[in-house]
Amino acid sequence: MTEEELRTPGSDTGPPPLTRPNLLTILCILTFINSGLTFISSIFIGVFFDQFTVIATDLANLYKIPGLEMITEGKPAFFFVNAVLYAVSGSGAFIMWNLKKNGFHVYTIAQILLILAPMYFFNLPGPSVFDIILSGTFVVLYSTHLKIMT
């Protein structure tokens, strides 16, 4: 007899295991990709900052890319802080992947700090609207799954 046949009515050990909704899976995968790639690139830029500034300056002059010169005026510490925050953000997504509610809080705090970090390191008057919209969208979409997380 199979295990299913051996079960008697009322012998369930608890609620059925939760399955991760498709949207949550997609959000987590997108976060893993973005956090992973940005973590790696931030580490490399921080380590090779002097060489990066030469290349970035040449690209800014050659292709007239606005804003790229601002990055060259920064410090390697910005990229190392970014790497840590993206690692925390990815960790929060991994925790949510496992349907744990505290991952949402870890992810959200990391996103807020990622929005604020450029203001601190580059003395900007305010945050990037694009960063607020993108991070805000992900936070709102993640928050719709809090009711199924433990």
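Assorted remarks:
- Only Lys, Arg, Asp and Glu carry charge here, each on its Cβ (+1 for the first two, -1 for the last two); on that basis the chain has a dipole of about 280 debye about its Cα centre.
- If you take all other residues with their beta carbon under 12 Å from the beta carbon of L99, and give Lys and Arg +1 and Asp and Glu -1, the sum is +4.
- Between helix 49-63 and the chain: long-axis angle, C-alpha atoms, 0 to 90°, nearest 10: 70
- Per-q log10 I(q)/I(0), the range 33-103, q = 0.21, 0.26 Å⁻¹ (Debye; single scatterer per alpha-carbon; no solvent): -0.85, -1.07
- Relative contact order for the range 21-148: 26 percent, from Cα pairs under 8 Å spaced at least 6 residues apart, divided by residue count.
- Nearest-ten-degree value, helix 129-143 long axis tilted from longest Cα axis of the chain: 10
- Correct option for Kirkwood radius over Cα pairs in Å [calculated from the coordinates] among (1) 15.8; (2) 24.8; (3) 17.9: (3)
Readers should treat all values here as calculations from the given coordinates under stated rules, not as data from a laboratory. Every value quoted in this text rests on a predicted model; they were computed, and no experiment measured them. Positions of Cβ are generated from backbone atoms using ideal geometry, with glycine treated the same way; all protein chains shown enter the neighbour counts.
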